[in-house]
Every structure is written in C-alpha cells, then in structure tokens.
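As structure tokens, the structure follows; a few thoughts come after it.
The values are calculated or read from the model by the stated rules, or taken from the named source; none is laboratory data. All values derive from a computational prediction rather than experimental measurement. FYI the Cβ positions are ideal-geometry reconstructions off the backbone, even for glycines, and counts take in every protein chain you see.
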Amino acid sequence: MSRHREREVEIRVGTEALHRTIKVQVPEDDPKPWDLDSKLSVVGTDVQRLDAVAKVTGRARYAYDQAPTGLLQGTLLRAPHPKAKVKRVDVSAALAMPGVRAAIATKGPGTDFVQVRFAGDDVAAVAADTLDAAIDALEAIEVDYEVEPFNTDYLAAEGAPRRDAAGQVTDPWPEEAEVEAALAAAAIQHEATYSVAVQTHSSLEPHGFVAWYRDDELEVWASTQATFGVQAGLARALEIEQSKVRVHAEFVGGGFGSKFFAGAEGVAACRLSRDAGAPVKLMLSRYEEHTAAGNRPAALIQIRAGLDAEGHVTAWDFRNWGGPGYIGRGGSAREPAYYLQRAKRRSVQKDLATDTDSSRAMRAPGWPQGFFAAETMLDELAAKAGLDPLELRLKNDSHELRAAEWRLGAERFAWDERRNAAPGSEGGRWRRGAGLASAVWGQMGSPGRTPHKVTCRIHADGTVEARNGAQDIGTGMKTVMAMLTAEELGLRPEQIRVTMGDTRDPAGPASGGSTTTPSLAPAVRGAAVQAKAELAAAVAAHLGAAADDVTFAGGSVGTANRRLSFADAAKLIGPGSIEATAARLPNYDGFQDFVCGCQFAEVEIDTHTGVVAVRHMLAVQDCGRVIAPKLAESQVLGAMIQGISYALHEQRVLDHNVGRMLNGDFLNYKITMVRDMPSLDVVLLPVANGKNSVGAAGLGEPPKVATAAAISNAVHNALGVPVRSLPITPDRVLAALGGGK
Amino acid sequence: MKPFALFRPEADRDAQAKAGAETAFKAGGIDLLDRLKERVLAPQTVIDLMPLRANMAAIGRDADRVRLGALATLDQVARTDALRDPACTALAEAAGDAATPQIRNRATVGGNLLQLSRCWYLRNARFSCLHSGRGDTCLAQEGEHRYHAIMGTNDCIRVHPSNLAPPLYVLDAKVTVLGADGATRDLPIRDLYPEDPAAESPEHRLAADEILVAVHFAVPATGTRSCYRESREKQAHDWATTAAAVRLRLDGGKIAEAAICLGAVAPVPMARPEAAALLIGEAPSATLFAAAAERAFAEADPLDQNAYKVPVGTAVLIDALTEAARAR
C-alpha cells in the first residue's frame, strides 16, 4: 500500500477527439495505467459471458437452488395492519404442529421491535419440513395487535402540498429573493408539477437465504449484492464472531439496490436454523418481494424556471416531495446541474413518511425521477421559446464530453428527421415524436474504507485462478476478472478460473453505486501483474535470461527467441503455487471524475386508445475503458429496458383504504415485455480516464438516468402536450389530449 | 397450497361422478394453480381433466359446424385450419393474441370460458372482497378500479376475463355440458353466464358436478367476416382493458347481418344487439361504425379511474368493425 516508491509516468487520456497528456505518480508495484495508446489483446474484445451457458442451462446454482441434506423451509408471518403495536406473540401452537421444527417471534415483547410499520412487516417466522407446513403453521401463531390509525398515501401525509384537479401544486413557493428576481428578469418563464409512481425492484430471484447454523458457526447462501455486509450484519444480529460467519453468493438473480442487507428474512433464517439444528431456506414470495423488499420512492416535483433571450437557463427553482415509506428519508430527486451553471437556483427536498414499505436504493436512486421532471421541464421551456430541444441542451450543457455525445447521438439517431416539427397538428390517429435527455454519473471506483483485494494464483499444472469475495450480481464481473487476468498472462479468458461470492476470499465492495468493476478491476490487474512477475523470474532463471526480457503473449512465455508454452513455464513453479494478492489503490487525478450520457427515443402513439409504443431508442454513454463490450452493452440495454418499463408501465398500486398493495404480482404489476420493446441502439464512447491502472468506470446506473425522460419528451413531441406523470398509461395520454378522463 | 387429493379420471363420466362441493376441476391449471397457491381456494380433491385430452381436445369441422373440445389449447385454436374461414377469424385472433406462447400452449378453451375474474381484490386472500365471500362490500368501488367494469354491474364491479367468450357470442356458439345425470346437453353460450351478475353470482352457471366438454357453432353464411380486437396497457402478457368481437355479413354493399359482443367491460361478456341493429341495411362507413360504437357504450356508467375505458373501448370496437368490413 505504501506509495513511498513512486515513479512518474506520462499517459494520454480522454478520447481521441478530446485528449490531453498528464503525468501520474505510480507506485512501484502498480503497472502504468492503460491509456489511449495502450494496445490490448483481450480487454475490449468481444468475449462471451463465461458463465452464460451455466446460467441458461440452469447449472448455475443460486441461493434459491441450494439444498443441503435435511433442508427445512422457512417463512415469515406478515402483519395485516399498516400500523400497529405488537402486544403479544405466541408461537407455541405453531410449534406443536406436525412437521414444524422451529418458530420464533420477530416482533413483540422480548424482541427488539414492537412497532408494525407497514402491512407486510414481519412479526414471526416458522421453519418446517415443507413450505406448505410452514405456511399452515403461520395461521396457528397468535398475535395481539394494538391497531393504530394509518396513512399510506404520501400526498395525504402531513406537510403534503395542495394540488389542483390537474395535479399541479397550488401551495405558494417559499420566498427566495435571488431566484425570484432571476425569474422575473427571464425572457421565458414556465412552471409545472410532475409526479412519478413507486417502482419495485422486481429482481427475478427473490430476497432470501439458505442458512446453516452448526457447531457454533454459520454458513449462509445469500441472494445479495453485499457478501461482506451480510456477513457483518448476521454476526451482529446473531451475536457471534464475524470469523464464524461464511457467506456464499456465487450467482445472484438481480438486486438493483434492494439486497444490501441481511434483512428480516436473513436474520430469521439463521435464528430458525439455530433453533432447529438444521439448514433452513427462507426465500420471499413474489408478493413479499413487491411489498416488503423496498422500492424506488414516489415523487411529486414542482419546477419553475426561466430562460434568457438567448435560451440560457437563468432561473431554476425545484422542489420535491418524496414518498419513501415508513423510513421517511431517501426520497430526494436529483437535478442535471450541468445545465444550470448560469442559473440562480434553489433545490428543496422534503420527504413525506407513510405507513408503507420503505424505499431502498434502486438503480440510480433519485436520478430517473428528478431527471424525468427536469428534462421534461426543459422541453416545455424549449417549446415556449421556440427552440429545438437539442439546441437548448447544447446552449446550456457545460460538459465538453456530453456535448460531443449529443452531436454523435443526433447524427446516429437522425434527430432532425425523427423530430416531429409540427407535433399534434396533423390530427391523424397515430402520431410520432422524438425526445432526448441526458445522464451523468460520478463513480470511478475506490479502494474502500479498508482496501479491496484480489488474489491471483498460478498453479504448477498451468491453471490460473483469480479470486475475490464480493459477488457478481449479474453484471458479468467474473468474466471481467478473467479478461483482465488473461490480458496480463497472455492467455484466453476461458483459461482463467474465477471465484467470486465467498467471504473467505479477499474483501471486495458491495455492488452499489456502479462501483464493483471500477473498484476491483485495478486490483485484478495488479494481482495478475505481481503473479506474472514471479513466474517471469522463474522462467528467466530457467532460460538464463533477464526477467525484464520475459514476455507473456499468445499462450507462451519467454524472451523474443526462446519461448515456453504457458503450461511448460508453470512447471517451473513449486512446491505450492504462485500466489499474489494486490490491493485496490487510491485513484489518480485522471481525466475526469464522472461519466456522461444521453439518450434519444422515438415513440408512436395511438391517440384513440392512448397506447404509447416506443419504436426506437439510442443511448450514447461513456464508461471509461470498456473491458467486455458485450457485457457493457448489456448493462446499457438492461437499463434502457427498465427505463422504458418505468416510463410506460410500472407502478405500485395501493388501496389506501385498506393500506395494502393490490398488484404485488407480475400480473398487474406490469413490466415491459418483448412485444413492447423498441429497437435499441447502444454506442459506448471509450474514454481513457487515467484514474487507475485499468480506468474502468461504473456503468450499471448511468444508463437508467435518461430513459424515462427521453420517452416523456418524445411523447410531448408526438402529442404537442406533455404528460407530466409516470407511468404514461393510456388513460393519462387521453387525458392530456383532452378526451377521456 | 393446502393438501388435496388429485384424481385423474379415465373417462369424463368418472370425473363427473367424482365432482361435488369440495372438488375443483383442473384443465390447463393457469387459473386454478394460482388460486390454490394463493390459498383463495382449498378443495379436498382436484379432478385433473388432462387425462381426458384424447377425447376432449380435438378441434374439428364437418360440413358447416366447428367443434372445439374443451381441452383444446389456445394455441390449437389459434392455428387450426378449422377456423380459416373469414367468418371465424375473430376466434383464432382472440386465442392467438392472448397472454404468452407458454400460456397459450397450456391454457384451454374450457378454462378460458370458466375462469375466475382477475379482480385484484378477489384473488388476494388479504382483501375482504364481497364476491369472494370474505367481506361485505366491494372494495374496488371505493378503492382502485382502473381495470374494473363500466357497465352491467350490480354490487360487484369485477370484469369477465375470457377473451374467447366475445367471439363465441358473435358466432352464436353453443356449449356442450355433461350433467349430473350422466347425459350431455347443449346450451347457448350466453346461458353459461349469469343474466344479471351480482356479487353472489358465480362467474358461470355450471353446477359443481357439471363439466363443459365442448363448444360448437355453425359456420356463418358465405360472405361473413368476424374480427376481434382488444386494448391493453402492454402488448405481451397482459389482460385486455377492453375487447370487442364483431361479425358482419355484407350483401350488395350493405350490412345484412351483424353481431357485437364486448369483453373486459362487465362481469359477463356483453352482447350489444341494439348497436348491431343500427348496422343492418346500411353501407359500412366510419360514421356508421362510430354511431354503432357509441350505442354499444351508451349504457356505460364508469367510475372515476376507469372512465378511459369508454373512449378506448369505443375505438377498439370501431377498429373491429372496420376490419371486418374491409374488402379483401
């Protein structure tokens, strides 16, 4: 870790069109950062996801698939009331039922909690021989509730603003002299209120655990995006030493921000296993996934803004009321600050608590909701000013890189042709429109509070391992590790055996904030470089050459004129194996600390039925060094698909009289499927960012930021009027057109 | 789900004899398994009709009649040559556009016609719904009803989910039922459903020990065309928000015969004879179809959240009429 022996290197960073040369102080054991001039043979090539076949054939074993001998099935009793105190829980009748092996209270006297915070909060748990026996036993648990008045509608909560029939906020703005003066001076002024519905994460694999507590040690298979966080959380909850808790997450069926913690289900599974003396599987049902495993919060966003005569944003007043559920925080909405450099601005964030499930981080938390409102507002301003939306963006966007992306995207998307110059005026039934929106994300990875590490092993039989204890949540991180290791060792990715998702391996990050790849990639490369140096020394001694002259390429090792196959070189290793562990070092200053992106959408709307069809979308996104293009594109495509679904279909529907979710399934919780998919085009803009030895940047979240906003703007263009609420369902389209309700 | 005995009959009469108040029939299982897993239904015995597929899944046409076994799948209905006649198109369209390929491969004609409403209060045991018997008011009326009925309701605003029923209405289909006496009888498809559906009315009028074994109809006269159209929020794996089946026969440029049935707007399929009557003797035109569609929805009395169904359903019906009248 010490940086006392550093060397100065020069690297060329940025893009070919927008590059500069910088000097970097590189620690002695860290390789020179890859830059615009690096010639790589594996990284950046079109490699298949290495575990693709295992996944599509069902051989990949997720937490859900674990079935140790003697496995019991666990389930949670869920409170029927949105708000109540638990006065008594008696599990004795449940325990006496045939096949029931353990039953515990998770709320009420004798536990840490008495308060039921939402309908579906956990109250007790049971493990039995079969899941049906466990569910039967739930009915035998006696619970006394002291039921309390509840509110599940954040817009009916105390502190919620008054709105008119069209949903526009009518409460006065709090005074703010500078912003108000800027607004008054603006050539164009506009004000509008926007709203977004709650979106649930809807991971295909539900939250859950297989837990096995034996011999005072705990082994769990978790569906998680934070193996080490779960390890620490379970050790605290079970009051055992962290060294006695081992967490596996070899394959994870999605998390999107909802799976950072052990949760009620994880703690209950472990307690049940301890009581029963047998392994216990406790996976949530789909209804529990929708109702008790987090969500992207609802938001009501009001903006008033002004443009000067040249089309610069000079005033920007933004207030957001977030609906994050019982937790009462986390409902903030983000704004595209890079348009607002000239503006007098204010941002007011207020959360309105309700007796509903808590929001959790969800893929770019706060960003898609805020950007939907802000980018839709910008198009409303542009329409008032008679400006093309792209022109307005180019006038105001302060990011050099995105400016290049706007131009690239506009040409590839054929913006000028697709943009409907006379929206809503032709009176035809089907109307087409095009829209665009921007994205930003600031995440280049980090060492972690204590550094993440990666181990590379080269065995005497020629096999190579790369190991880290964090999870591959589905992004393809294992393939990325194989590619980076193969790059250094002159091998092919499929020759590298990668292990992730076991807390006995070196520490790694939680998969949040789009950090896993940029945080681990430099350590993967570092470990491979160090292991390579040890093998190079052995080969050099064998050949009687200098170690510096030994190269690794094309499956062979040696000097320019004397080379061994990698397998023969490995025979020089021993006894034991070469093992090198490298730490993730702090980032250098590099090119820039964020990534940019923009998206373009074309929609076609049936004005008789109100159905919006997205016909085509383009995403232009930079993400530092692209290691595995297919996997990177897959991240962007997945985010766009999730964004289309957010824009058009997804919404949690609660019955506020009863206080429960109605569509906690995949029947009425509507997720965009294949027939609603447009053609999707992705352009990844490679940037040598010089932030570290690899220069990868996070990519999971940034492409989710712009999608709904681009679609909303395309709808506005098609109809000639905006639809200011997500999802843009047929009833809302008809209402915007002045028909229907 | 709760434990139950599974009975796999060798003949339809075995199945009928076994049936009673504590049994449930299973065909494709699309509707039933969800209800068993949600524990809104807990029969002592499930009678699996799938062993009877050999005799009950055929689709055939002889001379002027088409007969669909109750266990024929939606995929079979969508692909069969027996419905190639333009007069029968509506039925094949409805089957082929439903749900997903996986479901169409499994879901049956009988199950489609007899399924429980998809009301989100009804199918969730956590809600005390009136129609289910768990509660004493229809929660949807005061609660969330964007997908609920806009006409033909009493104290319950569920919608009938079958998308095969509207085309079968306009084709004047009959259903063949194996009764408690061991004999079969035919009844018009409209008699399968309650006349004035209330919360206490079951979705259909078959007794617990009666089995729907087939559906059949006479192929309409030459020159007849039928069409089915529905609206949805998404185009795959979704339920209709409104649906329309129509049958038209043109003679010398004028409409000589017409039938209209709406789906997804009421607790039962809604035949619209008064609207159809407006078409008779008239030449097809946009104005005519708009007038007929307006008449079809004249009795609509929507609530706040489902008012959109009126313009959407009107547009869907006009589409179906326009397509059926289109010269080919």
Q.
Can you pull out every residue in the stretch B:275-307 that is within 13 Å of another protein chain (Cβ to nearest Cβ) and in contact with a Lys or Arg (Cβ under 8 Å, 6 or more places away or on another chain)?
A. B:Ala300, B:Pro302, B:Asp304, B:Gln305, B:Asn306, B:Ala307
Q: With respect to B:Thr108, determine if the residue is in contact with a Cys (Cβ under 9 Å, 6 or more places away or on another chain) and of a type outside the set (A, V, I, L, M).
A: no
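Would you pick out the residues in the stretch A:511-570 that are under 18 Å from A:Leu491 (Cβ atoms) and of a type in the set (Asp, Glu)?
Correct list: A:Glu534, A:Asp568.
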Q: For residues that are in contact (Cβ under 8 Å) with a residue 40 or more places away in the chain and among the acidic types (Asp, Glu), scanning just the stretch A:443-494, find the one that is farthest from A:Gln530 (Cα to Cα).
A: A:Asp472
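Just checking, which of A:Asp164, A:Asp112 is over 18 Å from A:Ser92 (Cα atoms) and at pLDDT below 95? Break it down into steps so the answer makes sense when it comes.
On the way: A:Asp164 fails: at pLDDT below 95.
Of the residues listed, the single one that is over 18 Å from A:Ser92 (Cα atoms) and at pLDDT below 95 is A:Asp112.
Say we look at the stretch A:674-726 and pick out the residues that are β-branched (Val, Ile, Thr) and without any contact (Cβ under 8 Å) to a residue 60 or more places away in the chain; which of these is surrounded by the most Cβ atoms within 10 Å (Cβ to Cβ)?
Step one: of the stretch A:674-726, the residues β-branched (Val, Ile, Thr) are A:674, A:682-683, A:687, A:694, A:705, A:707, A:711, A:715, A:721, A:723.
From what's left, without any contact (Cβ under 8 Å) to a residue 60 or more places away in the chain: A:674, A:723.
Working: A:Val674: 10, A:Val723: 24.
Within the stretch A:674-726, the match that is surrounded by the most Cβ atoms within 10 Å (Cβ to Cβ) is A:Val723.
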Q) If A:Ala569 passes every condition in (1) more than 8 Å from every other protein chain (Cβ to nearest Cβ); (2) free of Cβ contacts under 8 Å to residues at least 12 places away in the same chain but one, which one does it miss? A) (2)
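Given the criteria farther than 23 Å from A:Gly322 by Cα, at pLDDT 95 or above and out of contact with any Asp or Glu (no Cβ under 8 Å at 6 or more places or on another chain), does A:Gly366 qualify?
Values: farther than 23 Å from A:Gly322 by Cα: no; at pLDDT 95 or above: yes; out of contact with any Asp or Glu (no Cβ under 8 Å at 6 or more places or on another chain): yes.
So A:Gly366 does not fit the description; no.
Report those helices (runs of 4 or more DSSP H) wholly inside the stretch A:212-294 carrying at least 2 residues which are among the basic types (Lys, Arg) and within 23 Å of A:Ala134 (Cβ to Cβ). Break it down stepwise before answering.
Working: elements: A:227-238, A:263-276, A:286-292.
The qualifying helices (runs of 4 or more DSSP H) are A:263-276.
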Q. So which pairs qualify, if the first residue must be in the stretch A:351-379 and small (Gly, Ala, Ser), the second must be in a helix (DSSP H, G or I) and buried (at least 24 other Cβ atoms within 10 Å of the Cβ), the Cβ gap must be under 6 Å, and the two must be at least 6 apart or on different chains?
A. A:Ala364/A:Lys704; A:Ala364/A:Val705
**Q.** Per-region count, the stretch A:485-522, residues more than 23 Å from the chain's Cα centre (by Cα) and not in a loop (DSSP other than H, G, I, E, B)
**A.** 10
Q | Verdict on A:Arg407 being of a type outside the set (Val, Ile, Thr), surrounded by fewer than 19 Cβ atoms within 10 Å (Cβ to Cβ) and within 21 Å of A:Ala17 (Cα to Cα) | A | yes
Q. Filtering the stretch A:492-517 down to residues that are hydrophobic (A, V, I, L, M, F, W, C) and crowded, with 22+ Cβ neighbours inside 10 Å, which residue is farthest from A:Val53 (Cα to Cα)?
A. A:Ala510
Q: Exactly one condition in (1) crowded, with 23+ Cβ neighbours inside 10 Å; (2) within 14 Å of chain A (Cβ to nearest Cβ); (3) within 30 Å of A:His81 (Cα to Cα) is not met by B:Arg126; state its number.
A: (1)
Q. Restricting to helices (runs of 4 or more DSSP H) lying wholly in the stretch B:209-328: which have 3 or more residues that are in contact with a strand residue (DSSP E or B) (Cβ under 8 Å, 6 or more places away or on another chain) and surrounded by 22 or more Cβ atoms within 10 Å (Cβ to Cβ)?
A. B:309-325
**Q.** Flag if A:Asp472 is out of contact with any helix residue (DSSP H, G or I) (no Cβ under 6 Å at 6 or more places or on another chain) and assigned to a loop (DSSP other than H, G, I, E, B)
**A.** no
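Would a scan of the stretch A:122-144 turn up a residue that is polar (S, T, N, Q) and either away from chain B (no Cβ under 14 Å) or in contact with a Pro (Cβ under 7 Å, 6 or more places away or on another chain) (or both)?
Here is the first cut: in the stretch A:122-144, the residues polar (S, T, N, Q) are A:130.
This time we only want the ones that are either away from chain B (no Cβ under 14 Å) or in contact with a Pro (Cβ under 7 Å, 6 or more places away or on another chain) (or both), so: none.
No, because not a single residue in the stretch A:122-144 is polar (S, T, N, Q) and either away from chain B (no Cβ under 14 Å) or in contact with a Pro (Cβ under 7 Å, 6 or more places away or on another chain) (or both).
Looking at the structure I just gave you, is A:Ile104 touching a residue at least 60 places away in the same chain (Cβ under 8 Å), β-branched (Val, Ile, Thr), out of contact with any Gly (no Cβ under 7 Å at 6 or more places or on another chain) and within 14 Å of chain B (Cβ to nearest Cβ)? Walk me through it before giving the result.
Details: touching a residue at least 60 places away in the same chain (Cβ under 8 Å): yes; β-branched (Val, Ile, Thr): yes; out of contact with any Gly (no Cβ under 7 Å at 6 or more places or on another chain): yes; within 14 Å of chain B (Cβ to nearest Cβ): no.
It is false that A:Ile104 is touching a residue at least 60 places away in the same chain (Cβ under 8 Å), β-branched (Val, Ile, Thr), out of contact with any Gly (no Cβ under 7 Å at 6 or more places or on another chain) and within 14 Å of chain B (Cβ to nearest Cβ).
Of the residues B:Leu91, B:Leu74, B:Leu114, B:Leu68, which single one is within 23 Å of B:Glu230 (Cα to Cα), crowded, with 21+ Cβ neighbours inside 10 Å and in contact with a His (Cβ under 6 Å, 6 or more places away or on another chain)?
When all the criteria are applied, what remains is B:Leu114.
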Q) Restricting to strands (runs of 3 or more DSSP E) lying wholly in the stretch B:35-126: which have 2 or more residues that are of a type in the set (Lys, Arg), over 25 Å from B:Leu6 (Cβ atoms) and within 21 Å of the chain's Cα centre (by Cα)? A) B:65-69
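Going by the structure shown, is A:Arg346 over 28 Å from A:Asn151 (Cβ atoms) and outside any loop (DSSP other than H, G, I, E, B)? Step through it out loud before you land on a result.
Working: over 28 Å from A:Asn151 (Cβ atoms): yes; outside any loop (DSSP other than H, G, I, E, B): yes.
For A:Arg346, the condition - over 28 Å from A:Asn151 (Cβ atoms) and outside any loop (DSSP other than H, G, I, E, B) - is met.
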Q. Got at least one residue in the stretch B:147-154 being more than 14 Å from chain A (Cβ to nearest Cβ), surrounded by fewer than 17 Cβ atoms within 10 Å (Cβ to Cβ) and part of a loop (DSSP other than H, G, I, E, B)?
A. yes
**Q.** Residue, surrounded by the fewest Cβ atoms within 10 Å (Cβ to Cβ), within the stretch B:1-19, restricted to residues that are within 14 Å of another protein chain (Cβ to nearest Cβ) and of a type outside the set (Lys, Arg)
**A.** B:Pro3
Q. Restricting the search to the stretch A:590-610, which residues are in a strand (DSSP E or B) and surrounded by fewer than 22 Cβ atoms within 10 Å (Cβ to Cβ)?
A. A:Glu604, A:Asp606
Q. How many of the residues in the stretch B:292-303 are farther than 16 Å from B:Ala259 by Cα and touching a residue at least 60 places away in the same chain (Cβ under 8 Å)?
A. 5
Q | Filter result (surrounded by fewer than 15 Cβ atoms within 10 Å (Cβ to Cβ) and within 14 Å of chain A (Cβ to nearest Cβ)) within the stretch B:20-38 | A | B:Leu33, B:Lys37
(Q) Of the conditions (1) more than 30 Å from B:Ala63 (Cβ to Cβ); (2) within 14 Å of chain A (Cβ to nearest Cβ); (3) not β-branched (Val, Ile, Thr), B:Arg229 satisfies every one except a single condition; which number is it? (A) (1)
Q: Taking the options B:Val246, B:Val310, name whichever one is within 22 Å of B:Ala149 (Cα to Cα), away from chain A (no Cβ under 14 Å) and of a type in the set (A, V, I, L, M, F, W, C).
A: B:Val246
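Does A:Ile671 qualify as being under 30 Å from A:Thr354 (Cβ atoms), surrounded by fewer than 20 Cβ atoms within 10 Å (Cβ to Cβ) and not acidic (Asp, Glu)?
When the stated conditions are applied, A:Ile671 passes them.
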